Every structure is written in structure tokens, then in C-alpha cells.
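Here the structure comes first, spelled out in C-alpha cells, and everything after it is commentary.
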Amino acid sequence: MQFHSFDDAYVERLRAGDFRTQEHFGAYFSALIHVKLRSRLQSREAIEDVRQETFTRFYVALREGKLLHPERLGSFVNSVCNNVLLEHYRTNARASSLDDDDQKELPSPAMNLVEVLVAKETEKKVREILEQLPERDRRLLRDVFLEERDKDEVCRDFGVDREYLRVLLHRAKQSFKSRYKKNMGNDSPEFTPV
């Protein structure tokens, strides 16, 4: 997946209802939200519900002028998604505690065991490759991509500005990518940085 930078013009086109911008926004963030939610929710229906609610709340916030920093659009959408996900957890916890029968929710029949095993194996490989990286690259990739920390906090921790953080992230991703290709061999899927 290719990362996209956002600016005032993009947000204004989005606010104005520009079809192509909305189409890009929907496709771009649908993919990211799906990646985020597939490990946190068991059913496709739940993932779709959270995704749709995230978009609904985002557009309400956009109309109400709550998006103050267009360059932080990704963080804003991620925060909205986190809030919707927490509400989903609370609602399900409340509903399940009210049920008379204490049956656990079964995994979705759509969930493919092979996909789960491949995902676990890939996750294990990614963690192994991260351990091979220099300490700074490893910390940077974990902070930004795995822990989804605020980039301003990461900048403070590393003592750099946002521009140089981008340079460091690019270098760390390139280092990871080369090790990934070397470790995964020819049978690996095409690498696309997160």
C-alpha cells in the first residue's frame, strides 16, 4: 500500500463533495481500516459495521469543522476508528453479559484457517526481521506502525522534526524491505510497505 500525504486542498475537496477525492478517501482508508480491524474483530459484518460508522462520524466531524490539521487526516481517521471500535467492544460486552446462555461467540465461518495460519507465520517473520534491524530503525517502525503512536511524540522522542522523521522512516522501511525480501525468498508475496 502506498502512503498518501494530505493537505488543505485535499480536505477542502473532500468537504466540497468532490467525487474523485471522496472515492480516493474511501478506498484508501477502507484498506487501512480493514487491516487494522481484521485482527481485532471476528466477523466481516463487525468489520464492515465499524468501518461504516467510522466514515459516518468522520464526515460529520468534517462538516462541523473538527478537523483542524489536514496533514493529520490519517491520525484523525485512526482516532475515530479507535473510538468506534471501543464502543463496539463495550456494546458487545454489555449484550453478551445480558444473554442468558453463556455460549462463546464462534469464529466466523468465513474465517479461513489457512489465512489465519499464514497471517500468524507472516507476523512471526516480521517480528524476526524487526529484531535484525538496528535499534533506531526497530524502535521507529514499532512506534509509528505497530503502536500507532502520535508522530509528534515520536519526533520528540527521537529529537527530530517531522521532515526528518519522514527521512528516517523511509530509510527504516527500505532496510526492513531488503531484509524481508532476503528472508522470505522467492516464494514471498510482493512486498508493499505499510
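Criterion applied to PHE29, PHE6 was being closer than 22 Å to ASP150 by Cβ and within 14 Å of the chain's Cα centre (by Cα), and the one residue passing it is PHE29.
Are any of the residues in region 94-101 at pLDDT below 90, open to solvent by less than 70 Å² (accessible area, probe 1.4 Å) and in a helix (DSSP H, G or I)? The answer is yes, given that some residue of region 94-101 is at pLDDT below 90, open to solvent by less than 70 Å² (accessible area, probe 1.4 Å) and in a helix (DSSP H, G or I).
So which residues in region 28-80 are polar (S, T, N, Q) and either open to solvent by 20 Å² or more (accessible area, probe 1.4 Å) or free of Cβ contacts under 8 Å to residues at least 24 places away in the same chain (or both)? So that I can check it myself, show each step before the final result.
Pass one, region 28-80, residues polar (S, T, N, Q): 30, 39, 42-43, 52, 54, 56, 75, 78-79.
Passing the criteria: SER30, SER39, GLN42, SER43, GLN52, THR56, SER75, ASN78, SER79.
Which residues, taken from region 141-167, are under 16 Å from the mean Cα position of the chain (by Cα) and touching a residue at least 12 places away in the same chain (Cβ under 8 Å)? Within region 141-167, LEU141, ARG142, ASP143, VAL144, PHE145, GLU148, ASP150, LYS151 qualify. In the condition set (1) at pLDDT 90 or above; (2) under 14 Å from the mean Cα position of the chain (by Cα); (3) hydroxyl-bearing (Ser, Thr, Tyr), THR56 is compliant with all but (2). Inside region 172-187, can you point out the residues that are within 13 Å of GLN132 (Cβ to Cβ), of a type in the set (S, T, N, Q) and at pLDDT 85 or above? SER175, SER178 - these are the residues of region 172-187 that are within 13 Å of GLN132 (Cβ to Cβ), of a type in the set (S, T, N, Q) and at pLDDT 85 or above.
The values are calculated or read from the model by the stated rules, or taken from the named source; none is laboratory data. Computed from a predicted model, the values in this text were never measured in an experiment. Glycine also receives a Cβ, built like all others from the backbone with ideal geometry; neighbour counts cover every protein chain displayed. Calculation scope for accessible area: heavy atoms of the full protein, side chains included, ligands and nucleic acids excluded. Shrake-Rupley method; radii C 1.70, N 1.55, O 1.52, S 1.80 Å.
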